[in-house]
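Below: the structure, in structure tokens.
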Amino acid sequence: EAGVTQFPSHSVIEKGQTVTLRCDPISGHDNLYWYRRVMGKEIKFLLHFVKESKQDESGMPNNRFLAERTGGTYSTLKVQPAELEDSGVYFCASSQGLQRNTEAFFGQGTRLTVV
Amino acid sequence: DAKTTQPNSMESNEEEPVHLPCNHSTISGTDYIHWYRQLPSQGPEYVIHGLTSNVNNRMASLAIAEDRKSSTLILHRATLRDAAVYYCILRDGRDFGNEKLTFGTGTRLTIIP
């Protein structure tokens, strides 16, 4: 069974440009999460989808970040315009439906560098 | 989520057991104790979780203190592949449907060949 996959694995963009990260969760997983680790900091939660609906957006840093999950399958995270402080590793995770304490499966992450 | 405290780093010899401690003195009765680890250049990976009783799985064992204010992740026979950052995370079991994880700084485990 395929795990959580993220594209691209690396992205280098200039300040002010737009970047779109993609996450394909494990098939059948209703929950999809985005996290990120910026330089020298801890891994931080960004947001949580249940199917196509945003359940919790409390970790989104500002309105330059837009996440979508059309059809409740894959998700995209767009950063527009990108700033230097957005550099870091962005992780996607998925888990099964509404059950307590299910295991979260993480992708390998997308390393974003804004120059 | 309640806060956890872990040592910044630990070292262990290959093929020996490793005991990774975690303090969570403010744990509530509904908090589950989860452990994840992050291998180099990979995303976090689930290891184990428990509520009150000790737990065992193919990867590790979780020993939970009787007062639940601390726990220990036990790797029975460390291999080089176990070198990673280990995170102890508390999750409120009442957060039905919201499984977000609050990562701390974790413990960086180094395995000495």
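The values are calculated or read from the model by the stated rules, or taken from the named source; none is laboratory data. The model shown is predicted, which means the values in this text are computed figures rather than measured ones. As a convention, Cβ positions derive from the backbone with ideal geometry for all residues, glycine included, and neighbour counts pool all protein chains shown.
Tally the residues that are part of a loop (DSSP other than H, G, I, E, B), hydrophobic (A, V, I, L, M, F, W, C) and in contact (Cβ under 8 Å) with a residue 40 or more places away in the chain, restricting the search to the stretch A:45-87. Break it down stepwise before answering.
Of the stretch A:45-87, the ones part of a loop (DSSP other than H, G, I, E, B) are A:51-52, A:57-64, A:69, A:73-74, A:80-83, A:87.
From what is left, the residues that are hydrophobic (A, V, I, L, M, F, W, C) are A:60, A:82.
When the remaining residues are screened for being in contact (Cβ under 8 Å) with a residue 40 or more places away in the chain, the result is A:82.
Residues that pass the stated criteria total 1.
For the stretch B:17-28: of the residues being aliphatic (A, V, I, L, M) and assigned to a strand (DSSP E or B), which is farthest from the other protein chains (Cβ to nearest Cβ)?
We begin by selecting, within the stretch B:17-28, every residue aliphatic (A, V, I, L, M); these are B:18, B:20, B:27.
Those still in the list that are assigned to a strand (DSSP E or B) too: B:18, B:20.
Details: B:Val18: 21, B:Leu20: 17 Å.
Ranking the candidates gives B:Val18 first.
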When the stretch B:71-102 is checked residue by residue, the ones that are within 14 Å of chain A (Cβ to nearest Cβ) and of a type in the set (A, V, I, L, M, F, W, C) are B:Ala84, B:Val85, B:Cys88, B:Ile89, B:Leu90, B:Phe96, B:Leu101
Those residues of the stretch B:47-73 which are farther than 12 Å from B:Pro21 by Cα, exposed (fewer than 14 other Cβ atoms within 10 Å of the Cβ) and not β-branched (Val, Ile, Thr) amount to B:Ser53, B:Asn54, B:Asn56, B:Asn57, B:Arg58, B:Glu66, B:Asp67
Given the conditions (1) under 22 Å from A:Gln17 (Cβ atoms); (2) touching a residue at least 60 places away in the same chain (Cβ under 8 Å), every one holds for A:Ser95 apart from (1)
Answer yes or no: is there a residue in the stretch B:40-47 that is at pLDDT 95 or above and over 19 Å from A:Ala93 (Cα atoms). no
Note: among B:Tyr32, B:Tyr46, just one is more than 11 Å from the chain's Cα centre (by Cα) and outside any loop (DSSP other than H, G, I, E, B), namely B:Tyr32
Residue pairs qualifying under the 9 Å Cβ cut-off, at least six apart or on distinct chains, with the first in the stretch B:29-49 being at the interface with another protein chain (Cβ under 10 Å from one of its Cβ atoms) and the second being loosely packed, with under 14 Cβ neighbours inside 10 Å and in a strand (DSSP E or B), are B:Ile48/B:Asn56
Of the residues in the stretch B:76-102, those that are of a type outside the set (Ser, Thr, Tyr), in contact with a strand residue (DSSP E or B) (Cβ under 7 Å, 6 or more places away or on another chain) and touching a residue at least 60 places away in the same chain (Cβ under 8 Å) come to B:Ala78, B:Leu80, B:Asp82, B:Cys88, B:Ile89, B:Leu90, B:Arg91, B:Asp92, B:Gly93, B:Leu101
